[in-house]
Amino acid sequence: MRAVVQRVSTASVTVEGKVVSEIKKGLLILVGIEEVDNKNDIDWLAKKIINLRIFNDDEGIMNKSLQDVSGDVIVVSQFTLHAATKKGNRPSYIRAASPKVAIPVYESFVSQLESLLGKKVGTGVFGADMKVELLNDGPVTILIDTQRKE
């Protein structure tokens, strides 16, 4: 799994002109899923994200986690995170999981985040044409890959 984690002041997802998710302070997580991703990847990534100390403390130091600040989350599936650009100018998405594999992994990831946070997590609509708006706070943007554990 690959994730782009963005600390936001606000974020929303709109599908066909209707806002389907909206948050204030928290994280917008774009997640790409590969065929090899499994429960271990889901658990590791969810724990890593909610414990990242990327929110400011009283001194302005990034020393607080999502849980510490009671932040909210939106998770958006994004197969393009697995784009291969080595050859030519048209990206290949061969490494991205098929919807048959990706949807259950995506849903399990969202459920795991909800379980760890003890609250509802916003989502996009899998496979839909989404308009994602955010106000990146910082800006703080972190890339995480469960296959590399970095």
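Quick rundown of the values:
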read-out: Under Karplus coefficients 6.51, -1.76 and 1.60, residue-wise ³J(HN,Hα) of the stretch 59-71 in Hz, glycine/proline x; value: 8, x, 9, 5, 9, 10, 8, 4, 5, 4, 9, 6, x
read-out: Per DSSP, loop chymotrypsin sites (Phe, Trp or Tyr not before Pro) in the stretch 50-147 with at most 15 further Cβ within 10 Å; value: TYR93, PHE126
read-out: With Cα atoms, 0 to 90° folded angle of helix 99-117 axis to the chain main axis; value: 10
read-out: Volume per residue that the Cα convex hull of the chain spans, once the total is divided by residue count, Å³; value: 118
read-out: When each of LYS39/LYS120; LYS64/LYS100; LYS39/LYS131 is checked by Cα-Cα distance, pairs over 26 Å; value: LYS64/LYS100; LYS39/LYS131
read-out: Karplus (6.51, -1.76, 1.60) ³J(HN,Hα), θ = phi - 60°, over the stretch 73-88, in Hz, Gly and Pro reported as x; value: 9, 10, 10, 10, 6, 8, 4, 5, 5, 9, 5, 9, 10, 5, 9, x
read-out: Coil-residue trypsin sites (Lys or Arg not before Pro) of the stretch 53-96, DSSP, other Cβ within 10 Å capped at 13; value: ARG53, LYS86, LYS87
read-out: Karplus 3J(HN,Hα) series, Hz, for the stretch 135-141 with 6.51 cos²θ - 1.76 cosθ + 1.60 (x for Gly, Pro); value: 10, 5, 9, x, x, 10, 9
read-out: C-alpha long axis of helix 39-51 to longest principal axis of the chain, angle in °; value: 30
read-out: Dipole magnitude of the stretch 1-140, debye to nearest 20 (Cβ charges: Lys/Arg +1, Asp/Glu -1, about Cα centre); value: 400
read-out: Percentage relative contact order, the chain, counting C-alpha pairs under 8 Å, at least six apart; value: 38
read-out: Residue with peak Gaussian network fluctuation, the chain [Cα springs, cutoff 10 Å], from GLU107, GLU22, GLU59; value: GLU59
read-out: Exposure ranking of LYS25, LYS100 by accessible area [1.4 Å probe, largest first]; value: LYS100, LYS25
read-out: Pairwise centroid distance, computed over Cα atoms, of the stretch 123-140 with the stretch 33-74, Å; value: 17
read-out: For SER70, solvent-accessible area (1.4 Å; no DNA, RNA or ligand), Å²; value: 90
read-out: Virtual paramagnetic centre 7 Å along Cα→Cβ of ARG148, amide N under 14 Å, in the stretch 69-83; value: 81-83
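The values are calculated or read from the model by the stated rules, or taken from the named source; none is laboratory data. None of these values were measured; they are calculated from a predicted model. Glycine also receives a Cβ, built like all others from the backbone with ideal geometry; neighbour counts cover every protein chain displayed. Note: areas computed on protein heavy atoms with side chains; ligands, DNA, RNA excluded. Shrake-Rupley method; radii C 1.70, N 1.55, O 1.52, S 1.80 Å.
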